[in-house]
Amino acid sequence: MTQRVVVVGAGLAGAKVAESLRARGYAGSLVVLGAEPVRPYERPPLSKGYLQGSDERESVFVHPEAWYDEHDVDLRPDATVTSLDLASGHVVDAGGGRTAFDRLVLATGSAPRGLDVPGAELEGVVTLRTLADSDRLRARLSEARRVVVVGGGWIGLEVAAAARAAGCEVTVVVRGAAPLLGVLGPRMAGMFAALHRERGVELRTRSEVRALLPARRSGSLDGTAVGGVELLDGTVLPADLVVVGVGARPRVALAEDAGLVVGDGVHVDAHLRTSDPRVLAVGDLAAVAHPFLGHRVRVEHWDAALHHGETVAATVLGADEPYDRLPYFFTDQYDLGMEYTGWTGPEGGTDVVVRGDEDARELVAFWTRDGRVVAGMNVNVWDVVDDLQALVRSRAVVPPERLADTSVPIADLAG
Ligand SMILES: Cc1cc2nc3c(=O)[nH]c(=O)nc-3n(C[C@H](O)[C@H](O)[C@H](O)COP(=O)(O)OP(=O)(O)OC[C@H]3O[C@@H](n4cnc5c(N)ncnc54)[C@H](O)[C@@H]3O)c2cc1C
């Protein structure tokens, strides 16, 4: 019988493991160790409403402060786990404390990548991952005049929108021909590029950073604060704030050092068990053998962190409930809200079919492979995600004209 579950990592995924275990009646000991000084919170608002000052601080937390005591969850903030002793069934924290477990859940998430260029350590060069990062960035945006965002991914673009809302001049440095090109393909990536250009963002596409340059103060080099971004073609973009949004990497070190099977993330089966069945992994960290997709998938999505806990609770309590949710992601930028569900994979070979009004940015886009819808994205169109997921799951071959025909409800496309 499981007497103690220890969760390492107090983010959304770790918090939801605790919640799901208690909701399903797990009555044993439950310890959650987290490196950050605050209780678990959600990260999406950190680059959106919270960064822009429209979401209250309290609204980002996963549970009210009292919830942990009320549910007999031993939440230990400021506790960084430094190693796993799988042989004896303990985790070891930075203070040398050892906590015994019967089942261990790894929920250490991912860490932002930095820029490996000269000047990356200058003051005013920041990344965005934590609540503290978001607080600092918000304060900086209120003072900055010229912001350069390095990276045209989701977080970079959301920060660009927040910086425009704060009245800053914004340039986004993008490696490819358009932001989000790898995820969305040229047509839909072009829509996001147009949106940002309309809002006054300068997109420097096909560009890479060579160095970050120190600011000049009163004619001399200040030496500590950033003043510009030098691109590979020699262009220098003046900047008093540089936000680096070039992706994240899963924090696999603990698992790797303990000898668990790790690739891009910690390998888990559909029940979220690692190569040691006493140890599970969730959230950004977990590379899950996905039953529907038929291959391993690791996503850095809020939805997975939100729902992996239910599978962990089932697995710990002996129920056979594999994790089979389709990947789901959302973003908000200016007045554009979108949801994306499904999986196109890195192999390409998909076609895009659009229904709705592309100019007004009110549409549903379908990605098809061999006539079957593998992913869908709704932009400023709501309440269609369940229908899109059912369509993907049906694996039905649907003619493109039918997909594009707004008179056919999405729910009827599979039939
Ligand atoms: C700014 C931002 C905006 C985002 N917006 C969206 C969005 O719009 N839509 C969407 O779908 N997804 C979004 N995401 C992604 C989403 O937030 C993540 O997928 C989610 O946070 C993953 O949760 P997690 O619990 O697995 O990991 P994390 O949230 O990274 O939490 C892991 C926790 O573990 C702690 N930890 C790490 N190592 C240790 C250790 N050794 N010991 C103890 N604790 C440790 C960390 O400090 C951290 O608190 C966004 C992410 C960011 C950063």
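The values are calculated or read from the model by the stated rules, or taken from the named source; none is laboratory data. The model shown is predicted, which means the values in this text are computed figures rather than measured ones. Here Cβ is always computed from backbone atoms with ideal geometry, including for glycine, and neighbour counts include all displayed protein chains.
Within the set Asp55, Asp78, the sole residue that is more than 12 Å from the ligand (Cβ to nearest atom) and at pLDDT 95 or above turns out to be Asp55.
Of all residues in the stretch 161-178, at least one satisfies being touching a strand residue (DSSP E or B) at 6+ places or on another chain (Cβ under 7 Å) and within 13 Å of the ligand (Cβ to nearest atom).
In the list Ala100, Ala23, Ala66, Ala18, which residue meets the criterion of being away from the ligand (no atom under 11 Å from the Cβ), free of Cβ contacts under 8 Å to residues at least 12 places away in the same chain and either closer than 30 Å to Ser142 by Cα or among the aliphatic types (A, V, I, L, M) (or both)?
Of Ala100, Ala23, Ala66, Ala18, the one residue that is away from the ligand (no atom under 11 Å from the Cβ), free of Cβ contacts under 8 Å to residues at least 12 places away in the same chain and either closer than 30 Å to Ser142 by Cα or among the aliphatic types (A, V, I, L, M) (or both) is Ala66.
Suppose the filter is more than 16 Å from the ligand (Cβ to nearest atom) and among the polar types (S, T, N, Q); does Ser83 pass it? When the stated conditions are applied, Ser83 does not pass them.
Listed here are the strands (runs of 3 or more DSSP E) enclosed by the stretch 243-295 that have at least 3 residues being farther than 30 Å from Thr171 by Cβ and within 16 Å of the ligand (Cβ to nearest atom): 265-268, 279-281, 286-289. Given the criteria over 19 Å from Glu36 (Cβ atoms), in a strand (DSSP E or B), touching a residue at least 40 places away in the same chain (Cβ under 8 Å) and not charged (D, E, K, R), does Val105 qualify? Taking the combined requirement at face value, the residue does not satisfy it.
Which one of these does Glu121 not meet: (1) within 15 Å of the ligand (Cβ to nearest atom); (2) charged (D, E, K, R); (3) under 26 Å from the mean Cα position of the chain (by Cα)? Checking Glu121 against (1) within 15 Å of the ligand (Cβ to nearest atom); (2) charged (D, E, K, R); (3) under 26 Å from the mean Cα position of the chain (by Cα), the one that fails is (1).
Screening the candidates Val282, Val262 for the property of being in contact (Cβ under 8 Å) with a residue 24 or more places away in the chain and either more than 20 Å from the chain's Cα centre (by Cα) or surrounded by 14 or more Cβ atoms within 10 Å (Cβ to Cβ) (or both) yields one hit, Val282.
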